[in-house]
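I have placed the structure first, in the form of structure tokens, so that the comments after it can refer back to it.
The values are calculated or read from the model by the stated rules, or taken from the named source; none is laboratory data. These numbers come from a predicted model, not from an experiment. For neighbour counting, all protein chains shown are included, and Cβ atoms are generated from backbone atoms with ideal geometry for every residue, glycine included. Ligands, DNA and RNA are excluded from the accessible area calculation, which covers all protein heavy atoms including side chains. Shrake-Rupley method; radii C 1.70, N 1.55, O 1.52, S 1.80 Å.
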Amino acid sequence: MPSPILQVRNVSKRFPGVKALTDVDMDLYPGEVLAVLGENGAGKSTLMKILAGVQEPDEGQLLVDGKPVRIDSVRAASAQGIVLIHQELNLSDNLDVGANIFLGREPLFCGLIDRTKIDEGSEVVLKKVGLDVSPRTIVNTLPIGKQQMIEIAKALSVNARVLIMDEPTSSLSTKETQALFRVVKDLRSQGVSIIYISHRLGEVEELADRVTVLRDGENAGNIDKEEISHDRMVQLMVGREISQIYSHEPLPPGELVLEVEDLVVPANPGHKLNFSLRAGEIVGIQGLVGAGRTEMLQVLFGVEKKLGGFIKVAGQPLDIKTPLDAIGAGIALVPEDRKKQGLVVEMSVRENTSLASLRQKQIFGFLNSSHETEITDEMIEKLNIKTPHAMQVARYLSGGNQQKVVLGKWLAMGPKILLLDEPTRGIDVGAKEEIYQLMEQLAESGVAIIFVSSEMEEVLRMSDRTIVMHEGRISGELKRNELSEEAIMHLATGGDLAASNDIEAL
Amino acid sequence: MKKVLGIFGLLVFVCLLTTILNPDFAKPYNIQNTLRWTSLFGIISIGVAFVIITGGIDLSIGSLVGLIGCILPMSLLELQKQPPGTALNWTFIATGISLLCAGVMWAVPKISGRDLRELTRPFALLVIGIALLANGLIMPVIEIPAWLSISLVVVWTIEVAIIIGLLHGFLITQVKLQPFVVTLCGLLFYRGFSRWLTDDQTQGFGTGFQELKTIATGRPFQMVWVIFAIGFAILCLGVWQLLQANSSAKTIRLGFIGAVIAVVTMGMFDIFNSALPHATLWSITIIGPLAIGFGIWVRSRNKSLVEPQVSPIAVAVVGYILAMAGIYGVMYPQPGLALSWQLEITPSLAQIIMLQAGQLLISTTFLILLVNALIGKRFVVLAPFLVVLLVIGLYLFTPPEFAEAIGFTAFATSDNGKILLTVFNLSLVVGCTIFFLRIAVQKAGVFIRSVAFLFVAGIILNLAGMIPIDQVQVPAPFLMLMALAVIAGVFLNFTIYGRYLLALGRNEEAARYSGINTDAMIVLAYVICSGLAAVAGILFALDINSIQPSGHGNFYELYAIAAAVLGGCSLRGGEGSILGVVIGAAVMRVLYNAINILGIPTQLEFAIIGAVILAGVIVDEMFKRIGEKRARIAALQTEKN
């Protein structure tokens, strides 16, 4: 057994009012993938920040190659070969790919930036992550999935020995995730160690050599490869035996609430979309990044205007031109980017929760304060939103709780059709379960739910039917008994329904 | 709320400092002047605050004031040469053109979006516009009274501004231009246009139009009544909030309201019966605490709530007497009013009224809060009490011989000594008030906050009683400012549209996703801004009566933006308080006035104002960081539970 490349010994960190880490030990061996798991608040981010030089521990020490080191800045961490890839993208999206990869360490030629070297260096690392874009491409023209790959390429270009990846696949499609895994395995065989933080236990099962679980700021336990299992991981994370998680049972579908006929979405004008939705149904929408799922939801909600076709709600064709029209028809959208589209993060929980229903409950144009209080308290309770009080600014809530606030805002409107775009992205296990339970309850009460997700597990578990999209068109629909990862992948990559049935038959 | 307190404190501080250094500042003439100019700038600042809240900016305000300042006198003088009924025709024409422009601007996005079915309403507007225009052109001139024709001119002057506001909004929301660019071009264009229109000739109303001028220069009544009204309004707000408070405080509420009523009745009685000038004092020393104590006692009998550990009546009486002694002791270490020697007047009846009323409120609220703090064991609220008690104790209980021996008596009776003591005492009161209010407003519920309102009312009345406010006549623009500020404040904080503006200022996309018509709201903000600039422009023009087209209104937008920023509007959008903006405008004006009165070289004027604004914004930022830190910790703690 080779000696560890990185050791964490008795590390503690305290913030005013809160002890984030208590006496944590951790080992990382060369050429391994170590998954670090834990619920929100368990101390994962604090530990990673300490390793990456953003924070310093109050007690304890870090050892690299057996020697104690002091990592007091990101530069120091970099010097030790430790690089952290953030979950939230850290790119300057108005610059191009090459500029971003070499940001802060641009190669110079006679004092001027050497563009050729940048292009060359970028091409090398872009190839490593399997991303086929020119280094001159401006980053904000690329979809989020590809932007994340660039982040990873950037870290690779500094020849890190320890790569810390924080939720790297949260914005990646299945295909890109596979590409990432290849890269990770590649790096592993080259002797690079990877600390992999993820809430997607399926990925951890596939990728990790060992698992360390943090709970309440302490190391709850390490799991060696043979013992890695979903249940064991959750058990350590949550701290108790958990009984079998219920699985979703589809309800007998009610009446037709939504019919989409020959809908033409501005982003993909060449295709027509057709599907329908019944009350009490939960329909998943799968597809690769760029398949047009979000764009379709945006048209259904009126954020973008359709170019053609019909949207019928309860049999009535509607002209949905603005979100207000959609809301009037009983449609609600929980958008993909909760910080930019879902919430006004500097406003309080109360203000956010009531934002959509202000118009309904107004008193001759005046705010209805008692309604606001009522609805906020109701949603905090119903959705179990963890906030010190209703006036807490939304920015300081965790991702899961922020998402619940957005959900609360729309549930306050009593929608008949609920559109969810990546509802559990970046959310810890506990909150995810709560959201699934909520979806279940809503379906039981007759709400029709469409949810877009890139998480195979989630789709397999929660959807009654799955619509799969590919490059702007619906490539197929799978009923629950036809649902499988292979079938979805087949349709998502452009195959057609007949062929996928063949796969089933095999 | 805290930001506003901070800048209010700054205002009070600058006023007091200037008065002490040069008592001419507090002379009626100067106060009137300052109020008048504050009102004019205040109106513009309120307008620009709306735009800043949406995350935009309006640089064209100054030039718009200049334009209005040219159009109004020109039109009125032109009108004089025509039969009066012409104004009606002009109004039709102007309104017609306005509706035409509005219709076109409304129609354009529909056409470009190929929304042809939506064109009916803009089209209707166009048709009505053309109809009015035609009517105005062909209609024969009819007789109308002079006041009507003048009013019509004012009306369509404002219409011009509204169209300009619509134009700004249109360019920003439909053509997607940056507000900075659009309004910068406006700044240049309107200035140039005014100069061309007037051929650079100075404009004025001459000696005519007296009735119209009074809306700018008039001084309808004494300031006393306004201060009283403000104090009374705050009192009502406090009582209203009290009534909204949680029912668990019901009995305290009843006791308190009873006390206030008793106090005010006694006070009124006392005012009109000047044989017993301090009957008020004695009456409330008994009735007030009895009523409150009774309330507290009744509540304590209701076992479901916190048991007070101390006999409420005893606490009430003791606390009350201490508070009263405190107020008198701190305010008036010398016989007579603190500032009167400086201003060489004797306190008038009006001042006495103010002082009495103010003290009633202050004392009663001190008491309530004291009792509440003891019941709730929040002893930090007692800190200002202890400070005040300490100072009173020193004043009252230091043996005179001792004071003589250490030279305090000599100091206290010397000119400098009086000044410094007054400053010290006043700073103490103001400082305690602000500290007190911060804690009260922050930690406690509606009940305490409403009581805090009453406290502020008391302080306002008290401070006002110390200056010869009764000789100050309130300028008419000030009344307009008050009215507009109230309407704007209510709009921003209590209507759904205000909430929409605040939300879209922070995050336009999220606001859109929540079903808010962000384009319409942004256009509204620019219309409000230009509209208010026009109102102020009219007042400016009537006041100055000699308008230079090349320079009138220059830099006004910067003063307005500075006032808004001082008052708490972040240029990033989504934040703002109308009260803060008005106080900010007051600060700007007072600074300018202070610089003149204190003989500071005018070259330094901009430098000083710039420095003060910077200081204000830095302090604001620091407070914000502290608040953020607290919020973050609170969230972390909840997360862990």
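Here are some notes:
- Residue within the stretch A:369-376 that is facing chain B (nearest Cβ under 8 Å), without any contact (Cβ under 8 Å) to a residue 60 or more places away in the chain and open to solvent by less than 10 Å² (accessible area, probe 1.4 Å) present: no
- Residue in the stretch A:295-307 that is away from chain B (no Cβ under 14 Å) and under 27 Å from B:LYS110 (Cα atoms) present: yes
- Extreme residue, farthest from the other protein chains (Cβ to nearest Cβ), among residues of the stretch A:47-56 that are out of contact with any helix residue (DSSP H, G or I) (no Cβ under 6 Å at 6 or more places or on another chain) and surrounded by fewer than 23 Cβ atoms within 10 Å (Cβ to Cβ): A:GLU56
- With respect to the conditions (1) at positive phi; (2) open to solvent by 20 Å² or more (accessible area, probe 1.4 Å); (3) under 24 Å from the mean Cα position of the chain (by Cα), B:GLY599 falls short on a single one, namely (3).
- A:ILE375 falls short on exactly one of the conditions (1) assigned to a helix (DSSP H, G or I); (2) in contact with an Asp or Glu (Cβ under 9 Å, 6 or more places away or on another chain), and that condition is (2).
- Number of positions in the stretch A:302-346 that are out of contact with any helix residue (DSSP H, G or I) (no Cβ under 8 Å at 6 or more places or on another chain) and not polar (S, T, N, Q): 16
- Boolean, A:VAL11 is open to solvent by less than 10 Å² (accessible area, probe 1.4 Å), more than 14 Å from every other protein chain (Cβ to nearest Cβ), within 17 Å of A:THR212 (Cβ to Cβ) and touching a residue at least 60 places away in the same chain (Cβ under 8 Å): no
- Flag for B:GLU509 being of a type in the set (D, E, K, R) and either within 14 Å of chain A (Cβ to nearest Cβ) or outside any helix (DSSP H, G or I) (or both): yes
- Index of the failed condition, B:THR120 passing every other in (1) modelled with pLDDT of 85 or more; (2) more than 34 Å from the chain's Cα centre (by Cα); (3) of a type in the set (S, T, N, Q): (1)
- A:TRP410 meets the conditions (1) within 14 Å of chain B (Cβ to nearest Cβ); (2) surrounded by fewer than 22 Cβ atoms within 10 Å (Cβ to Cβ); (3) of a type in the set (Phe, Trp, Tyr) in every case but one. The failed one is (2).
- In the stretch A:381-402, the residue that is least open to solvent (accessible area, probe 1.4 Å) out of those that are more than 11 Å from chain B (Cβ to nearest Cβ) and hydrophobic (A, V, I, L, M, F, W, C) is A:LEU383.
- Restricting A:LYS154, A:LYS67, A:LYS117 to residues that are surrounded by fewer than 15 Cβ atoms within 10 Å (Cβ to Cβ) and over 22 Å from A:GLU206 (Cβ atoms) narrows the list to A:LYS67.
- 1 or more residues modelled with pLDDT of 90 or more: qualifying helices (runs of 4 or more DSSP H) within the stretch A:81-156: A:97-101, A:115-128
- Residue match in the stretch A:75-96 (condition: of a type in the set (Asp, Glu), in contact with a helix residue (DSSP H, G or I) (Cβ under 8 Å, 6 or more places away or on another chain) and surrounded by 15 or more Cβ atoms within 10 Å (Cβ to Cβ)): yes
- Within the stretch B:489-504, considering residues that are small (Gly, Ala, Ser) and open to solvent by less than 10 Å² (accessible area, probe 1.4 Å), the one farthest from the other protein chains (Cβ to nearest Cβ): B:GLY498
- Which numbered condition B:ALA585 fails, given (1) under 20 Å from B:LEU16 (Cβ atoms); (2) over 22 Å from the mean Cα position of the chain (by Cα); (3) of a type in the set (A, V, I, L, M): (2)
- Residues of the stretch A:334-360 that are open to solvent by 70 Å² or more (accessible area, probe 1.4 Å), over 23 Å from B:ALA634 (Cβ atoms) and at the interface with chain B (Cβ under 9 Å from one of its Cβ atoms): A:LYS340, A:ARG359.
- None of B:TRP147, B:TRP106 is part of a helix (DSSP H, G or I), open to solvent by 50 Å² or more (accessible area, probe 1.4 Å) and under 16 Å from B:SER75 (Cβ atoms) except B:TRP147.
- Inside the stretch A:319-358, residues that are over 27 Å from A:PRO388 (Cα atoms) and without any contact (Cβ under 8 Å) to a residue 12 or more places away in the chain make up a count of 2.
- The conditions of being farther than 17 Å from A:ALA77 by Cα, within 14 Å of chain B (Cβ to nearest Cβ) and in contact with a Gly (Cβ under 7 Å, 6 or more places away or on another chain) are met by A:LYS44.
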